[in-house]
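Since the structure comes first, as structure tokens, the remarks are kept for the end.
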Amino acid sequence: MSTDPVVVSHAQGSYPVYVEPGAISHLGALVLQHLPGRRVAMLVDETVLQLYRSGRLGPGEWSGETLTFPAGEQSKSRDTWARLTDALLERGFGRDSGIITLGGGVTGDLAGFVAATYMRGLPYVQVPTTLLAMLDASVGGKTGVDTAKGKNLVGAFHPPVAVIADPLTLSTLPERDYRAGLAEAVKHGLIADRDYFEWMETHASDLIQRDPGTLTRLVRRSVEIKAAVVSDDEREAGRRAILNAGHTVAHALEQVSNYQLPHGEAVALGLVLECELAEQLGLAESGLHHRVSRLLIRLGLPDRVPAGIDRTALIGSMMADKKNRGGQIHFALPATLGRMHQLHGWTTAVPDAAIRRVLALSNAG
Ligand SMILES: NC(=O)c1ccc[n+]([C@@H]2O[C@H](COP(=O)([O-])OP(=O)(O)OC[C@H]3O[C@@H](n4cnc5c(N)ncnc54)[C@H](O)[C@@H]3O)[C@@H](O)[C@H]2O)c1
Ligand SMILES: [Zn+2]
């Protein structure tokens, strides 16, 4: 590898995130280095395995044991977890084994949870192949599965021993999935780094075209930002809350749309509305939401809440969010580009009326 990895630290140690075009061709060597002497299984969804085997993600050199499951969020379940752990048991994998997860955030979370629990925990190397997985899901050590009562409700903290992010693998990613990752990158600029935000403004068209050099810088800077925030705060007590920017509204939009609105689009809308809310409350400089929405639009993301989304239901969904205390909705709100508002902590309780006002003002359908 020709560049130094980003190092992510956590309560039990640290791990490298290699961000480099072509990194996937070093998979065998990196696995030997990070899982020495272990019998290794690769866990991968069927779509990604097909791309990998056909060489479309780069040289598909991994010829070791492989376990698969169908692509998609519905695989992030206890059923799939049970099937995968049973398969490992049947094949006789012991506590001296290791795991490679190859794929998007679903694979990282699911296979990471298999690694967290199998024989009370195996080391694993994460190979993210979606933009969201590279710059968001692969940093922070959260693994888990969904339940009928909600997403990510059963899981564990289990950081990987290494992450191998190869931006060239993103050339085959569907447009919507690609844009979802860009929305999180815009969030990273907004919450922590004005220069990064402005760099995205300058390079928006290179980003749309997935220029490898530009993408490498994007993934690297986003990983650095998320790593810095979670290293500060491995257990979500304080500053980590800023990563939730845009997401209070986004989760409500996803829920009220019955998950028809993709996460990235919901995050884009959430960022704009929450900036507007911060401006209305006098916490953020005026015009911030215009600037954020201009960048999001240039990156192919929406700035209008789709018609048919019920405002009352949106507020109801925010009220039900597990992060609320004392009957008020708590938001991580920006102060300016690159800096979040902080007064008594990193979140602010906002009265319903202020939220209603912003929702009524938003040029929604
Ligand atoms: N652990 C965390 O901190 C964290 C953070 C954010 C999101 N997540 C989780 O991540 C999940 C979403 O991740 P995602 O958007 O990557 O979804 P995903 O893993 O379902 O991937 C999206 C689709 O892209 C396909 N795909 C993957 N790589 C590809 C490639 N290079 N080319 C073409 N197709 C490819 C997959 O097969 C899948 O169909 C959610 O479950 C979310 O909860 C976790
Ligand atoms: Zn998100």
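Worth a mention:
- So A133, is it hydrophobic (A, V, I, L, M, F, W, C), within 11 Å of ligand 1 (Cβ to nearest atom), crowded, with 24+ Cβ neighbours inside 10 Å and over 23 Å from V31 (Cβ atoms): no
- Within the stretch 246-261, residues that are within 13 Å of ligand 2 (Cβ to nearest atom) and part of a loop (DSSP other than H, G, I, E, B) reach partners that are small (G, A, S) and at pLDDT 95 or above with beta carbons closer than 7 Å, at six or more positions or on different chains, in the pairs G246/G270.
- Within the stretch 242-265, the set of residues being over 20 Å from V229 (Cα atoms), in contact with a helix residue (DSSP H, G or I) (Cβ under 6 Å, 6 or more places away or on another chain) and more than 11 Å from ligand 1 (Cβ to nearest atom) comprises V249, A250, A252, L253, Q255, V256, L261.
- Filter result for the condition that a residue is of a type in the set (V, I, T), under 12 Å from the mean Cα position of the chain (by Cα) and outside any helix (DSSP H, G or I), over V219, V139: V139
- Tally of residues being open to solvent by 10 Å² or more (accessible area, probe 1.4 Å), within 12 Å of ligand 2 (Cβ to nearest atom) and either outside any strand (DSSP E or B) or hydrophobic (A, V, I, L, M, F, W, C) (or both) across the stretch 144-193: 1
- Evaluating G98 against the criteria (1) buried (at least 17 other Cβ atoms within 10 Å of the Cβ); (2) out of contact with any Pro (no Cβ under 7 Å at 6 or more places or on another chain); (3) over 30 Å from E254 (Cβ atoms); (4) modelled with pLDDT of 95 or more leaves one unmet condition, (2).
- Pairs, first without any contact (Cβ under 8 Å) to a residue 40 or more places away in the chain in the stretch 63-88, second within 16 Å of ligand 2 (Cβ to nearest atom) and in a loop (DSSP other than H, G, I, E, B), C-beta under 6 Å, six or more apart: none
- Of the residues screened, G282 is one that is under 27 Å from G345 (Cβ atoms), part of a loop (DSSP other than H, G, I, E, B) and away from ligand 1 (no atom under 14 Å from the Cβ).
- Pair list, Cβ < 7 Å and 6+ apart or interchain, from the stretch 105-119 residues that are over 15 Å from V154 (Cβ atoms) and assigned to a helix (DSSP H, G or I) to residues that are near ligand 1 (Cβ under 6 Å from one of its atoms) and open to solvent by 20 Å² or more (accessible area, probe 1.4 Å): G105/T130; G105/L132; G105/A137; G108/A137
- Total residues in the stretch 1-26 satisfying the condition of being within 22 Å of the chain's Cα centre (by Cα) and not in a loop (DSSP other than H, G, I, E, B): the figure is 14.
- In the stretch 225-245, the qualifying residues are those that are among the acidic types (D, E) and more than 16 Å from ligand 2 (Cβ to nearest atom), and the one that is modelled with the highest pLDDT is D232.
The values are calculated or read from the model by the stated rules, or taken from the named source; none is laboratory data. Everything numeric here is computed off the predicted structure, so don't read it as measured data. In this analysis, Cβ positions are derived from the backbone assuming ideal geometry, glycine residues included, and neighbour counts consider all displayed protein chains. Surface accessibility is based on the protein's heavy atoms, side chains included, excluding ligands, DNA and RNA. Shrake-Rupley method; radii C 1.70, N 1.55, O 1.52, S 1.80 Å.
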